[in-house]
Amino acid sequence: DQQVKQNSPSLSVQEGRISILNCDYTNSMFDYFLWYKKYPAEGPTFLISISSIKDKNEDGRFTVFLNKSAKHLSLHIVPSQPGDSAVYFCAASYTGGGNKLTFGTGTQLKVEL
Amino acid sequence: GAVVSQHPSWVICKSGTSVKIECRSLDFQATTMFWYRQFPKQSLMLMATSNEGSKATYEQGVEKDKFLINHASLTLSTLTVTSAHPEDSSFYICSAAKTGGGGTDTQYFGPGTRLTVL
């Protein structure tokens, strides 16, 4: 049972444009969501997070939006840069869950010149 | 900062031997660390939760006698793959939970360890 889903395995965007990565979840207990960026043969790097009490969190070029009613979150990267090319994972946890993260399957982002 | 290191970054061993992987939080204390495994082109699979001073909690299907976890201090957790076999070859990643504002914890990941069992 995949509780966190990233339905787009890959995304290609031109440099300077906006990248939008989507994530859906099914477990209504999730109340904390995170986005990680991962290069091959490396550990994930934390990008940005959002608590369920908010619907938006912004950090530089990265903005995460949360739509609780739709159980959907998205990561916006603007402007996209070639160095952003990586696999992006969304992850979710819930209070009382022992800080365990449930990861999505990842989206490979390619930013082209 | 929130830096997590892993050692070694890669290891090749013979079938039947044991391999120890270390995970350290370098600039913060972590009462909880996690061990993941990632197969090629797949998501991260949580293997176990490592709590300082207590036994690890293993996810369903993960053999605790095969994957020994020791959380010796607030900055160090180790994963020992005992009697390794080729099917244990994988990319092992640890993370350490750092408490942020509002009581939420964010996991910071190590760079991973590539294990190859011949």
Q | Rounded Å value of the spacing that divides the Cα centres of the range B:26-82 and the range A:10-61 | A | 24 Å
Q: For chain B, just give the cysteines left without a disulfide-compatible partner, judged by no other Cys Cβ under 4.7 Å.
A: B:C13
Q. Hey, what do the phi angles of the range A:103-113 turn into as Karplus ³J(HN,Hα) couplings, whole Hz, using 6.51/-1.76/1.60 and θ = phi - 60°, x for Gly and Pro?
A. 9, x, 7, x, 10, 7, 9, 10, 9, 9, 5
Q: Could you go through the range A:42-57 in sequence order and give the Karplus-derived ³J(HN,Hα) for each residue, using 6.51 cos²θ - 1.76 cosθ + 1.60 with θ = phi - 60°, rounded to whole Hz, and x for Gly and Pro?
A: 10, x, x, 10, 5, 10, 6, 9, 8, 8, 5, 7, 10, 10, 7, 9
Q: Provide the gained length on full extension for the span A:E112 to A:I53, in nm with one decimal, where the gain is 0.36 nm per separating residue minus the Cα-Cα distance.
A: 17.7 nm
Q: Between B:F28 and B:Q42, with labels modelled 7 Å along Cα→Cβ, what's the label distance in nm to one decimal, could you check?
A: 2.9 nm
Q | Among B:S95, B:S54, B:S25: highest mean-square fluctuation, GNM of chain B, C-alpha pairs under 10 Å | A | B:S54
**Q.** Relative contact order of the range A:1-56, defined on C-alpha pairs under 8 angstrom at six or more residues apart (%)
**A.** 27 percent
Q: With viscosity set to 0.890 mPa s and temperature to 25 °C, compute the Stokes-Einstein D of chain B, Rh being the Kirkwood radius across alpha carbon pairs; µm²/s, no decimals.
A: 172 µm²/s
Q: Grab the beta carbon distance between B:H7 and A:R17, set R0 = 41 Å, and tell me the FRET efficiency rounded to 0.05.
A: 0.55
Q. Which residues in the range B:25-41 place their backbone N less than 19 Å from a point set 7 Å from the Cα of B:K55 along the Cα-to-Cβ direction?
A. B:32-35
Q: Please work out the FRET efficiency for the pair B:T80 and A:Q2, using the Cβ-Cβ distance as r and a Förster radius of 41 Å; give the result to the nearest 0.05.
A: 0.85
Q: Provide A:L47, B:L118 in ascending order of the number of other Cβ atoms located within 10 Å of each residue's Cβ, fewest first.
A: B:L118, A:L47
Q. Applying the Karplus parametrisation 6.51 cos²θ - 1.76 cosθ + 1.60 with θ = phi - 60° to the phi angles of the range B:109-116, what ³J(HN,Hα) value in whole Hz is obtained for each residue in order, glycine and proline being reported as x?
A. 9, x, x, x, 10, 8, 9, 10
Q) Which pairs in the list B:K14/B:K66; B:K41/B:K66; B:K20/B:K64 are over 20 Å apart, alpha-carbon to alpha-carbon? A) B:K41/B:K66
(Q) Can you tell me, using C-alpha contacts under 8 Å and at least 6 residues apart, the relative contact order of chain A as a whole percent? (A) 37 percent
Q.
Skipping prolines and chain starts, which residues have an amide H placed within reach, meaning under 5 Å, of the one on B:C94, given they are 5 or more residues away or on another chain?
A. B:Y36, B:G110, B:G112
Q: Would you mind telling me which residue in A:N67, A:N27, A:N99 has the biggest mean-square fluctuation in a Gaussian network model of chain A, where springs connect alpha carbons within a distance under 10 angstrom?
A: A:N99
Q) Contour minus end-to-end for A:Q81 and A:E42, with contour as 0.36 nm per residue of separation and end-to-end as the Cα-Cα distance? A) 12.1 nm
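Where a number appears in this text, it was derived from the coordinates with a stated rule and is not lab data. Predicted model only: the values in this text are computed from it and were never measured. Glycine also receives a Cβ, built like all others from the backbone with ideal geometry; neighbour counts cover every protein chain displayed.
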